[in-house]
Amino acid sequence: MSNIKLECHEANHICDKNQYKEASFWEKVRLTIHLIYCRACRKYTSRNGKLTKLVKNPKVKTMDVSAKEKLSVAFEKELVKQQQ
């Protein structure tokens, strides 16, 4: 039984390995058993999964160059006002 039981820091490490498809079958089994009774590690695993999903499919929109320049000019003007 001590072979199956994990401490939380070990479970988090296996979760990280699993995120990159590096965890062995036995590690996945041990992690699953640990997640049954550890709410903190379930939360960590859930957040880790969401992070992986966001990194793989980012929905980032950037400003065009002219909008960045306008924002920069407005920022500089406001900065000068604040310093006076």
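The values are calculated or read from the model by the stated rules, or taken from the named source; none is laboratory data. Because the structure is predicted, anything quoted here is derived from the model rather than measured. Positions of Cβ are backbone-derived with ideal geometry, glycine not excepted, and every protein chain shown enters the neighbour counts. Accessible surface areas use protein heavy atoms only, side chains included; no ligands, DNA or RNA. Shrake-Rupley method; radii C 1.70, N 1.55, O 1.52, S 1.80 Å.
Farthest towards the positive end of the charge dipole of the stretch 23-84, among the residues 55, 74, 38, is the Cα of 38, using unit charges on the Cβ of Lys, Arg, Asp and Glu.
When the charge dipole of the chain is built from unit charges on Cβ atoms (+1 for Lys and Arg, -1 for Asp and Glu) and taken about the Cα centre, the candidate among 3, 29, 19 whose Cα reaches farthest toward its positive end is 29.
Placing +1 on the Cβ of every Lys and Arg and -1 on the Cβ of every Asp and Glu, with no other charges, gives the stretch 14-58 a dipole of roughly 220 debye about its Cα centre. Can you give the longest stretch of the chain with no exposed loop site, where a site means GluC sites (Glu not before Pro) in a DSSP loop (not H, G, I, E or B) with at most 14 other C-beta atoms within 10 Å? Excluding the exposed sites themselves, the longest stretch runs over 23-84. Surface analysis of the chain yields an accessible area of 88 Å² per residue, using protein heavy atoms and a 1.4 Å probe. In a reduced charge model with +1 at each Lys and Arg Cβ and -1 at each Asp and Glu Cβ, the stretch 1-75 shows a dipole moment near 340 debye about its Cα centre. For the chain, trypsin sites (Lys or Arg not before Pro) meeting the loop criterion (DSSP other than H, G, I, E, B) and having at most 13 other Cβ atoms within 10 Å: 5, 21, 59, 61.
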